[in-house]
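K.L.:
There's a structure below that I have some questions on.
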């Protein structure tokens, strides 16, 4: 049954205009936060964007960043990149956009306070950031699965993070917090085909 | 039913000595890779460690890093940190340790090739790294859920990444790839209590 749920999930990017009731969004997020996190610190918060003007402002920021990037790319490659970048604003078609954010917990860094050598200091700082990002991503997968089980569609988009700072400003993300993804959510208006995956055998190496 | 599965999952750190059949590990990983990733790039690989000597070597590397960090911390705080750090080697009790790794896909960075201003270049590079880390973390949540559904226990540990470079060397992780977490896997020898979570209402802000 878990197999059926995982295998039937799709990344949905076209939605009916119907709003998603607030209690449904809350139920999905209550399932999302069953995810584990380092020392159960729950390094996540979720900004739920229902206001159309805010979603449009986010999309405009992504378009502006994309235009700057395209302008920096030699003409021969620009067309392919423009098509790729088109995906980055697909979230604007959703009635709700969920933005999971994470905050590193610099416990060891703070205690060590400059007394570690560079290699250890860097490993500790990266572990502390990645811990929060990984934990919040685990919650995000739960959110995608819970949405799917509920008959909703969603997708986890990281492309919009080319406009990370602008989106953080638009959403009023507090200092110290960082955006994980942009997640359009709504009732599906498409049935996406399955996408291929490399089998486990192809992406695994076993040390026996 | 998804609700029951998500809510009953626990982070398991004590395992029976029974080995996990290779075909079970493969089945779990085949479910893990149903996760979405940016442009379906599947930026993940999995190192499955069954060899006891390798698991011990990983644990020794984490203990050595922990000792260096403890030595850098003032005596008054050292005891608390030592207790916290004890968790970082819990993976050594498992018959199998899965190490998901990820690789950033610097498509836009490569094409822009130094022609972006610093802010955009940094946003693009961070988006490309985070995309791969988030995608692989999504696969990791699927792995934890699939293991749970199968009657296996697992946990996602990021603490061992204080010894990130040493673990990468021990496992022969190729250049360009980075470790996401260390995941002990086996038949549970404990029934962990549920851990508390802040409710969705407490960790959500809605922009209406």
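Readers should treat all values here as calculations from the given coordinates under stated rules, not as data from a laboratory. Given the structure is predicted, the values throughout are model-derived calculations rather than measurements. Positions of Cβ are generated from backbone atoms using ideal geometry, with glycine treated the same way; all protein chains shown enter the neighbour counts.
K.L.:
Pull out a ≥ b ≥ c, the square roots of the eigenvalues of the alpha-carbon gyration tensor of the stretch A:64-155, then state rounded if a/c is under 1.5, prolate if not and a/b is larger than b/c, and oblate in the remaining case.
P.N.:
Since a/c reaches 1.5 but b/c is at least a/b, the shape of the stretch A:64-155 is classed as oblate.
K.L.:
Using the 7 Å Cα-to-Cβ label point, sort the distances from residue B:174 to its equivalents in the other copies shortest first and give them in nm to one decimal.
P.N.:
Residue B:174 label point versus its equivalents elsewhere: 4.3 nm.
K.L.:
Here is a follow-up. May I ask you to derive the relative contact order of chain B, considering only C-alpha pairs under 8 Å and at least 6 residues apart, and to give it as an integer percent?
P.N.:
Computed over chain B, the figure is 38 percent.
K.L.:
Could you compute the FRET efficiency for residue A:198 and residue A:78, with r as their C-beta to C-beta distance and R0 at 22 Å, rounded to 0.05?
P.N.:
0.15
K.L.:
Right, another one. Which of the peptides B:51-60, A:190-199, B:148-157 is most tightly packed, and how do the rest follow, going by the mean number of other Cβ atoms within 10 Å of each residue?
P.N.:
Most protected by this proxy first, the peptides run B:148-157, B:51-60, A:190-199.
K.L.:
I've got another one for you. Show that you can apply the helix-only estimate: for the protein assembly as shown, add -39,500 (n - 2.57) for every DSSP H stretch of four or more residues, divide by all residues, and state [θ] at 222 nm to the nearest 500.
P.N.:
-15000 deg cm²/dmol
K.L.:
Sticking with this structure for a sec: Within 10 Å, count the other beta carbons around each residue, average over each peptide in B:20-33, A:113-126, and list them highest first.
P.N.:
B:20-33, A:113-126
K.L.:
Continuing with this model, one more query. Ignore the peptide's own chain and count Cβ atoms of other chains within 10 Å of each Cβ in B:67-80; give me the average, rounded.
P.N.:
Mean number of neighbouring Cβ atoms from other chains: 4.
K.L.:
To continue, here is another question. Residue A:26 label points, 7 Å along Cα→Cβ, one per copy: pairwise distances from this copy to the rest in nm, shortest first?
P.N.:
Label-point separations across copies, in nm and ascending: 4.7.
K.L.:
Quick one: check the C-alpha center-to-center distance for the stretch B:1-37 versus the stretch B:168-204, whole angstrom.
P.N.:
Cα centroid of the stretch B:1-37 versus Cα centroid of the stretch B:168-204: 12 Å apart.
K.L.:
Also, quick follow-up: What per residue convex hull volume, in Å³, do the alpha-carbon atoms of the stretch A:101-202 yield?
P.N.:
Taking only Cα atoms, the stretch A:101-202 has a hull volume of 170 Å³ per residue.
K.L.:
If you don't mind, another one. Output, in nm with one decimal and in ascending order, the distances from the residue A:83 label point to the matching label points of the other copies (7 Å from Cα along Cα-to-Cβ).
P.N.:
5.9
K.L.:
Still on this structure, I have one more. For chain A, what D do you get in µm² per second when you plug the Kirkwood radius from alpha-carbon pairs into Stokes-Einstein at 20 °C and 1.002 mPa s?
P.N.:
113 µm²/s
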